[in-house]
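Input: a single structure, listed below in structure tokens.
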Amino acid sequence: MNNKLDRKSTNDICGMCVDEYLEEGSASGYCVIQTRITDEITLSDCEYMFVELKGKGIIRSNSFSNNVWIGYYDLYETNIYFDFNIDASQKMILSFKKYILIKLYLKKNEVTTVKQAFEHIKDMLSKTNVFDIDTLSDFKKYVSNNQTLLYLSNCKEFLQFCTFKDACEFYSKIKNFSIQRNPRSREIPDYESILKYDCLIRDFIDTGNIDLRIKYYPILIWWMLSTIIPLRPSEFVLLKRNCIYKAKDKCYIHIERVKSRADREKHIIPIMTEFQIPEALYEFINDFIDYANEIDNSGYLVSDKFYKKNLKRVPKDRKDKITLQKFNILFKKFEKEVVEGIYHYEIVALGAVEKDNQIERIRLGDTRHLAFMNMLMQGLNPLYIQRIGGHYTLEEQLSYCNHLDTFTSAKTYVLSKMLNSKNEVYYRNYSDNIDWGLKQTEKELLGAKFYQLPKVKDGAGRCTSTNFPTDCKCEECLFCEHFIPEKDVAKTYISELKQNNLQNIEIKKELLKKLLKEQFKDEKEIGTVSRNLASLINQEMILDAYTLNLGNCETSSQS
């Protein structure tokens with residue numbers, strides 16, 4: 001294929017960015033090469049890419065010259081149409097076709113993702129009369145009032161791709177234009193809602209009606225897997241019936257990554273497909289496999305026949321696996337019958353929770369975000385998380401760094417709330433996760449013996465270590481497992497620690513982002529910074545917990 005396709009270089013106005021990852025001979029050494037592609041690629045190159053996509057089943061149309069392309073999204077087993085019959089010049093339509101082709105072939109975007117970009121650009125062409133500069137003001141107002149950041153991003157990308165004078169001029173006018181996110185909106189549900197889901201699912205596994213558990217077995221497996229492994233819903237429906245196995249007394253699961261199915265180049269960073277899982281989860285999945293084998297001999301973990309049998313659907317055609325669409329229907333029924341019907345939660349939109357019995361709506365992909373956040377908080381190296389998660393760019397993880405503040409604050413609040421409410425289900429499933437929250441209970445159990453323990457930190461608390469001060473591992477007693485605070489822990493002490501800790505967190509976060517953006521990654525340094533950041537974040541949770549407890553004590557004393 002023409003070398004211009006691989007190394008096309010243009011100015012900062014024209015050129016769609018395509019990332020390429022090259023290994024440098026070691027696990028920690030690789031660089032990112034950013035190539036800029038424009039609509040100057042040749043028709044022969046386009047025909048080559050089109051034929052390749054057709055061969056992989058991603059496109060079903062016969063020719064690049066067709067004005068209606070048919071894409072195929074196998075996870076939903078549905079055709080997706082790209083209609084290029086628009087009110088624009090043939091040159092502009094040709095540029096539009098090339099852009100869509102590059103998105104599918106070089107950028108390896110899913111057909112559904114490209115379809116969304118297609119609709120955004122088609123809308124932009126209509127609203128701007130194909131980049132009439134006189135429409136600029138009205139277009140900015142339209143985008144600000146009616147569209148998303150993704151819409152604007154896709155429009156800018158296409159404008160960069162075009163070499164037309166009008167497109168370049170239009171881009172120069174909007175390249176610094178941005179829109180603000182709605183401060184009330186969130187991409188994922190709050191942690192309290194996810195935690196409530198986790199508790200009720202675990203409780204349902206232990207105590208639920210046997211027939212209902214069988215009916216929703218795939219939902220239960222998906223949840224238990226995706227909260228420890230960043231598993232896409234599309235990857236779950238592709239799990240094979242023989243996906244679990246044992247090796248050297250350990251249990252594993254094989255997961256085919258969706259992004260690897262696009263036949264990525266060999267030099268791209270390898271993605272993990274084998275994961276160790278707890279034995280209890282292995283047995284849980286194995287029980288389902290035994291049941292599923294009695295229904296059919298499908299090669300997939302969850303078959304279409306299982307779906308139709310348990311949801312009493314009349315079979316119209318024979319499919320080997322459940323589709324993503326049907327899995328989503330099963331999840332909606334689980335919400336209705338179990339979350340609302342049995343546990344009496346009212347499911348509301350994101351940001352709309354006003355009562356304790358309300359829970360934010362969770363989408364199938366939200367648990368993947370939870371798994372990433374938990375791994376970051378454990379201090380795992382982002383390079384390792386990248387391979388676990390099936391990311392092809394480290395930059396995809398930068399957004400998770402930005403979520404850490406709200407994630408830790410929510411977790412602190414929820415765990416404190418659990419402790420105060422003494423909810424039986426919460427306690428049964430999360431007692432292992434609460435350490436600092438049980439300090440007061442530990443003090444009460446010690447009774448008078450508490451006052452015989454040595455005072456530490458100028459009387460701020462007592463130390464339970466039998467080998468004090470030899471056991472001291474923390475610079476600050478407040479973060480030590482042996483430390484139990486007095487009721488009158490000085491506010492100034494906590495406040496000073498909190499201020500210093502927040503400053504250190506910001507420093508480490510910015511350093512980690514900088515390291516992830518660099519072309520040459522130092523795996524050891526990234527790992528060290530990640531562990532330090534995780535330690536600081538967990539310390540911040542402890543500080544927040546003490547702050548909350550102090551506030552509760554003051555409220556109680558005033559009342």
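Which one is surrounded by the most Cβ atoms within 10 Å (Cβ to Cβ) among residues in region 460-476 that are in a loop (DSSP other than H, G, I, E, B) and of a type in the set (D, E, K, R)?
Here is the first cut: in region 460-476, the ones in a loop (DSSP other than H, G, I, E, B) are 460, 464-476.
Going one step further and asking which of them are of a type in the set (D, E, K, R), we end up with 471, 473, 475-476.
Working: ASP471: 13, LYS473: 8, GLU475: 8, GLU476: 16.
The selected residue is GLU476.
Do the conditions hold for GLU481, that is, is it of a type in the set (D, E, K, R), at pLDDT 70 or above and either part of a loop (DSSP other than H, G, I, E, B) or open to solvent by 50 Å² or more (accessible area, probe 1.4 Å) (or both)?
Criteria met by GLU481.
Consider THR492 against the criteria (1) surrounded by fewer than 18 Cβ atoms within 10 Å (Cβ to Cβ); (2) at pLDDT 70 or above; (3) part of a helix (DSSP H, G or I): it satisfies all of them except one. Which criterion is unmet?
(2)
I'd like the residue in region 34-82 that is acidic (Asp, Glu) and within 21 Å of GLU119 (Cα to Cα) and, out of all such residues, is surrounded by the most Cβ atoms within 10 Å (Cβ to Cβ). So that I can check it myself, show each step before the final result.
Residues of region 34-82 acidic (Asp, Glu): 39-40, 45, 47, 52, 74, 77.
Filter once more, keeping what is within 21 Å of GLU119 (Cα to Cα): 39, 74, 77.
On the way: ASP39: 23, ASP74: 15, GLU77: 15.
Among residues in region 34-82 that are acidic (Asp, Glu) and within 21 Å of GLU119 (Cα to Cα), the one surrounded by the most Cβ atoms within 10 Å (Cβ to Cβ) is ASP39.
So, SER153, is that one farther than 27 Å from VAL68 by Cβ and at pLDDT below 95 or not? Talk me through it step by step, then tell me what you get.
Working: farther than 27 Å from VAL68 by Cβ: no; at pLDDT below 95: yes.
When the stated conditions are applied, SER153 does not pass them.
So that you can scan it fast, the table gives a plain yes or no per residue for (1) modelled with pLDDT under 90; (2) out of contact with any helix residue (DSSP H, G or I) (no Cβ under 6 Å at 6 or more places or on another chain):
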{"site": "ARG186", "(1), (2)": "yes, yes"}
{"site": "ILE194", "(1), (2)": "yes, no"}
{"site": "ILE201", "(1), (2)": "no, no"}
{"site": "ILE214", "(1), (2)": "no, yes"}
{"site": "ILE219", "(1), (2)": "no, no"}
{"site": "TRP223", "(1), (2)": "no, no"}
{"site": "PRO230", "(1), (2)": "yes, no"}
{"site": "VAL237", "(1), (2)": "no, no"}
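So is GLU294 of a type in the set (D, E, K, R), at pLDDT 85 or above, closer than 22 Å to GLY208 by Cβ and surrounded by 15 or more Cβ atoms within 10 Å (Cβ to Cβ) or not?
Values: of a type in the set (D, E, K, R): yes; at pLDDT 85 or above: yes; closer than 22 Å to GLY208 by Cβ: yes; surrounded by 15 or more Cβ atoms within 10 Å (Cβ to Cβ): no.
In short, no.
Could you please find all residues in region 128-143 being surrounded by 15 or more Cβ atoms within 10 Å (Cβ to Cβ) and at negative phi?
Of region 128-143, the ones surrounded by 15 or more Cβ atoms within 10 Å (Cβ to Cβ) are 128, 130-131, 135-136, 139-140, 142-143.
Answer for region 128-143, where residues must be surrounded by 15 or more Cβ atoms within 10 Å (Cβ to Cβ) and at negative phi: THR128, THR135, LEU136, PHE139, LYS140, TYR142, VAL143.
Any residue in region 289-308 that is over 19 Å from LEU324 (Cα atoms) sitting within a Cβ distance under 6 Å of a residue that is surrounded by 14 or more Cβ atoms within 10 Å (Cβ to Cβ) and aromatic (Phe, Trp, Tyr)? List the pairs, counting only those 6 or more apart or interchain.
Note: pairs meeting the criteria are ILE295/PHE306.
Just one of ALA352, ALA371 is open to solvent by 20 Å² or more (accessible area, probe 1.4 Å) and either under 16 Å from TYR197 (Cα atoms) or modelled with pLDDT of 85 or more (or both); which is it? Reasoning before the result, please.
Working: ALA371 fails: open to solvent by 20 Å² or more (accessible area, probe 1.4 Å).
Criteria check complete, one pass: ALA352.
Being among the β-branched types (Val, Ile, Thr) and at pLDDT 75 or above, is that true of even one residue in region 434-454? Please lay out each step first, then the result.
Just the residues of region 434-454 that are among the β-branched types (Val, Ile, Thr), to begin with: 434, 441.
In the following step, the residues that additionally are at pLDDT 75 or above were identified as none.
No, that holds for no residue.
Of all residues being more than 16 Å from ASN67 (Cα to Cα) and touching a residue at least 60 places away in the same chain (Cβ under 8 Å) in region 86-109, which is least open to solvent (accessible area, probe 1.4 Å)? Just the residue, please. Give the steps one after another, and end with the answer.
Residues of region 86-109 more than 16 Å from ASN67 (Cα to Cα): 102-109.
In the following step, the residues that additionally are touching a residue at least 60 places away in the same chain (Cβ under 8 Å) were identified as 102, 106-108.
Details: ILE102: 0, LEU106: 46, LYS107: 54, LYS108: 37 Å².
Residue satisfying both the conditions and the ranking: ILE102.
What's the total number of residues in region 241-258 that are within 22 Å of ASP320 (Cα to Cα), among the charged types (D, E, K, R) and modelled with pLDDT of 90 or more?
Within region 241-258, residues that are within 22 Å of ASP320 (Cα to Cα), among the charged types (D, E, K, R) and modelled with pLDDT of 90 or more number 1.
The values are calculated or read from the model by the stated rules, or taken from the named source; none is laboratory data. Worth saying up front: this structure is predicted, and the values here are computed from it rather than measured. Methodologically, a virtual Cβ is constructed for each residue, glycine included, from the backbone with ideal geometry; neighbour enumeration extends over all protein chains shown. Please note that ligands, DNA and RNA were not included when accessible areas were found on the heavy atoms of the full protein model with its side chains. Shrake-Rupley method; radii C 1.70, N 1.55, O 1.52, S 1.80 Å.
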